[in-house]
Number of protein chains: 2
Amino acid sequence: MKSTPKAVNLAKDIPYAARSCHTNPSVSCGDCRLGELCLPIALDSSEILRLDEIVKRGRALNKGDFLYREGEEFKSIFAIRSGSFKTFKTTHEGAEQVTGLFLPGEIMGMDGIGSNKHSGSAVALETGSFCEIPFHLLEELSTRIPSLQGRFFRLMGQEIVKDQQMLTLVSSNAAEERVASLLLSISKRNHRRKLSATHFRLPMTRAEIGSYLGVTLETVSRIFSRLQKQNVVKVDNKEIELVDIQALKRIAKVHED
Amino acid sequence: MKSTPKAVNLAKDIPYAARSCHTNPSVSCGDCRLGELCLPIALDSSEILRLDEIVKRGRALNKGDFLYREGEEFKSIFAIRSGSFKTFKTTHEGAEQVTGLFLPGEIMGMDGIGSNKHSGSAVALETGSFCEIPFHLLEELSTRIPSLQGRFFRLMGQEIVKDQQMLTLVSSNAAEERVASLLLSISKRNHRRKLSATHFRLPMTRAEIGSYLGVTLETVSRIFSRLQKQNVVKVDNKEIELVDIQALKRIAKVHED
DNA sequence: CGATAAGTTGAACTGGCTCAAGTCATGTGG
DNA sequence: CCACATGACTTGAGCCAGTTCAACTTATCG
């Protein structure tokens, strides 16, 4: 069964500059420069075409728009194309507990796979776009493309490890270590996307960061001020510069990398 | 392609009492009474036979024995047959951070799928046994049995949700809520296995519980004493009786179930 | 039975929280 | 395009839940 050449032709008709821009909503998986972070990695070109057929590409969202809501039926997973997103749950007391930060190339929505219901909500932190992949189609395609199944198993495995790292961070480390770790995490993920590892804009507010890290917003603010006083980072509201990454790693108690 | 009848014959030759006992190491997946919690659920009987062929069944371990170690190559996932296990990581400072508690019917080792290396270690908390499922065989079989693929996706999804719940618990709740939640979690899991939901033995020490919940062992001890004084639980060392589950749920701030 | 690990309880200390009062950024409507 | 409202952020002061340290009791097991 040959796949339709539609996506290829489309890509061929678009000038290269536009094609290579991942913010262009019509760019297909094979041409998306986030492909190497996202699902297509580990697939050969004919497989990517088949994946392309089930992907709903490039829908746009504004800040505050929901990708899905807690309790909603799980239908799709979402690949972030541009912008940034957070996931959160609403606690018994009605407070918001941030459970994840997602940047371009990362996959959201896997929290719905286990029970067919999303266990949390996902909203855009700024203007952004994403690809939607209906899960039943992905499952079906995965039985026919073993490397896709393997890729997705691995992706879910990484999500598990990521969540456990977060758990370890929050349950055993001091507030300063948690903040330092978050900064290093964002830095590393930017680096993977060929963006600056030392200058970036925090997509979350102090309150969101605090919720994510299990501290209050005041503590986050105080830690930023302290790290700035120690010349480890420069903080200008949401604009961050990592001045001394080694010192930051020491504070985060990270030795590897 | 018919599967070998070996496992079936084996089961047929064993008296029912032995067959139905999940601690009997030779019981096959189709006869294991943990099957409904474990991988076989969602498979029909011929599919279970094919699964049976790749499962290494019923190996036994003593307290303190390792199932796998942090950093080790990932080869298999493990289904707990009897006993209880913990997973943990060793932090930079050499301290042990408990990341999970596993009871019969539950699957361990999924932390290795993402990177082909186990991100933590797993040890037996008491005498126990398990089934080992080589992951490459499971993957291969999953491409041929869609319902097995689906089952495993769902299992990984549940692991993700479980880890996120733990994160939420640790990052937003008071120590007493965390302890209460752990007791309720064990109670619920016992209930699923048709064991007492109100009387059980804690498989972990106070130090392990504390590490898992992100508090000190002294705090765990004090909370047990306090809950006992309030007639919510009865604590006799590791032996626990849940006296007033409703009160415990109120303390844990759980409203559903 | 004795050694060692596990658990309890008390007392003092402290990191992060709460509450409060302010400044700064952002964006919306007049 | 400015003014003003609202949300985001900072900083200070006092407080408290949980930690730390310590002394002791109780289990467990070779």
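The values are calculated or read from the model by the stated rules, or taken from the named source; none is laboratory data. As the structure is a computational prediction, the values presented were derived from the model and not from experiment. Here the Cβ positions follow ideal geometry from the backbone for every residue, glycine too, while neighbour counts run over all protein chains shown. These accessible areas exclude ligands, DNA and RNA; they are computed on the full protein's heavy atoms, side chains included. Shrake-Rupley method; radii C 1.70, N 1.55, O 1.52, S 1.80 Å.
Structure notes:
- Prolate/oblate/rounded label for the protein assembly as shown (Cα gyration tensor, a/c 1.5): oblate
- Note on A:K194 and A:S115: with the Förster distance fixed at 41 Å, the Cβ-Cβ geometry gives a FRET efficiency of about 0.65.
- Cα-centred dipole magnitude for the stretch A:217-257, charges only on beta-carbon of K, R (+1) and D, E (-1), debye, nearest 20: 220 debye
- Per-pair calculated FRET efficiency, R0 = 22 Å: A:R154 and B:E72 via Cβ, rounded to 0.05: 0.80
- For A:L67, the residues whose modelled amide H falls within less than 5 Å of its own, excluding neighbours fewer than 5 places apart on the same chain, are A:A122, A:V123, A:A124.
- Between B:L248, B:M204, B:I113, the Cα set farthest toward the positive side of the dipole of chain B (charges on each charged residue's Cβ, about the Cα centre) is that of B:L248.
- Remark: the stretch A:6-167 carries a charge dipole of roughly 340 debye about the Cα centre, counting +1 on each Lys and Arg Cβ and -1 on each Asp and Glu Cβ.
- For the stretch B:85-97, Karplus couplings with θ = phi - 60° (6.51, -1.76, 1.60), whole Hz, Gly/Pro x: 9, 10, 10, 7, 10, 9, 7, 2, 7, x, 7, 9, 10
- Of interest is the spacing of the C-alpha centroids, which for the stretch A:218-257 and the stretch B:185-257 amounts to 39 Å.
- For the pair the stretch A:93-159 / the stretch B:24-86, the C-alpha centres are spaced 27 Å from each other.
- When the other protein chains are added to the chain by itself, burial of at least 20 square angstrom of heavy-atom accessible area (probe 1.4 Å, ligands and nucleic acids ignored) affects these residues of the stretch A:106-137: A:D111, A:I113, A:G114, A:S119.
- For chain B, adding -39500 (n - 2.57) for each run of n ≥ 4 DSSP H residues and dividing by the number of residues yields -13000 deg cm²/dmol at 222 nm.
- A prolate overall shape is assigned to the stretch B:67-195, the ratio a/c of its alpha-carbon gyration tensor axes (a ≥ b ≥ c) being 1.5 or greater and a/b exceeding b/c.
- Per residue value of the accessible surface for the stretch B:173-252 (all protein chains in place, 1.4 Å probe), Å²: 49 Å²
- A point 7 Å from Cα along Cα→Cβ stands in for B:N116, and the other copies hold the same point at 3.6 nm, listed in rising order.
- Using C-alpha pairs below 8 Å separated by at least 6 residues, the relative contact order for chain A is 16 percent.
- For chain B: rounded, prolate or oblate by the Cα gyration tensor [a/c cutoff 1.5]: prolate
- Think of each Lys and Arg Cβ as +1 and each Asp and Glu Cβ as -1; about the Cα centre, that makes the dipole of the protein assembly as shown roughly 40 debye.
- Most mobile of B:T91, B:T205, B:T127 in a GNM of chain B (Cα contacts under 10 Å): B:T91
- Selection from B:M166, B:V232, B:S181 lying farthest towards where the dipole of the stretch B:132-257 points positive, charges on Cβ: B:V232
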